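Visitor: I have a structure I would like to understand better, so I am pasting it below and will then ask my questions one at a time.
The values are calculated or read from the model by the stated rules, or taken from the named source; none is laboratory data. Bear in mind that the values here come from a model prediction, so they are computed numbers and not experimental data. Don't worry about glycine lacking a Cβ; one is built from the backbone with ideal geometry, like all the others, and counts go over all protein chains shown.
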Amino acid sequence: MECYRIIEQIQDVISSGSKLPFSNKVILDQEILLELIDHLLRALPDDLKDAQSIVNDRQRILIDAQKEGEMIVKEAKNTIEQMVSQDEITKLAKEKSEQILTFAKQTAREIRVGATDFADEILQKAEENLSTLLETVKSGREELNQKR
């Protein structure tokens, strides 16, 4: 993420600032810091677009999982119909079809749960990253405002 690179540059500027004797105060180049903050504010929308892309991917994964589950169920029903039509193996066909249907439903459920868990994990990481980024920006702005 571009924002992290810019924040690291801000930290470097603060770390390399000249310290005032007998205090914790540092002399900073205001122009450089304001420019970096400006870059950071312009990079935030891109990072937010990345987060939106993750949300869209999650939706696509869920839709694909639903379609695959429906296809598995449809195939299971077709298999059931074909097996039932044969008189001698009707009982075996019913048992096998129930197994296939149960497996298909379980597989579809697992795919949906997996997709949801994956998307939630990605969104949680994005939320944490954006939260950390926001706190860093606030802290930097407060520090700049205190030094005016």
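Visitor: In region 7-47, which residues are part of a helix (DSSP H, G or I), more than 16 Å from GLU135 (Cβ to Cβ) and either of a type in the set (Val, Ile, Thr) or out of contact with any helix residue (DSSP H, G or I) (no Cβ under 7 Å at 6 or more places or on another chain) (or both)?
Guide: The answer is ASP12, VAL13, SER15, GLN30, GLU31, ILE32, LEU34, GLU35, ASP38, ARG42, PRO45.
Visitor: Same structure again: Of the conditions (1) surrounded by fewer than 15 Cβ atoms within 10 Å (Cβ to Cβ); (2) small (Gly, Ala, Ser); (3) over 20 Å from SER139 (Cα atoms), SER15 satisfies every one except a single condition; which number is it?
Guide: All conditions pass for SER15, except number (3).
Visitor: Suppose the filter is over 35 Å from the mean Cα position of the chain (by Cα) and modelled with pLDDT of 85 or more; does LEU92 pass it?
Guide: Against the criterion (over 35 Å from the mean Cα position of the chain (by Cα) and modelled with pLDDT of 85 or more), LEU92 does not qualify.
Visitor: Given the structure, is GLN59 modelled with pLDDT under 90 and either surrounded by fewer than 14 Cβ atoms within 10 Å (Cβ to Cβ) or not in a helix (DSSP H, G or I) (or both)? Break it down stepwise before answering.
Guide: Working: modelled with pLDDT under 90: yes; either surrounded by fewer than 14 Cβ atoms within 10 Å (Cβ to Cβ) or not in a helix (DSSP H, G or I) (or both): yes.
So GLN59 fits the description; yes.
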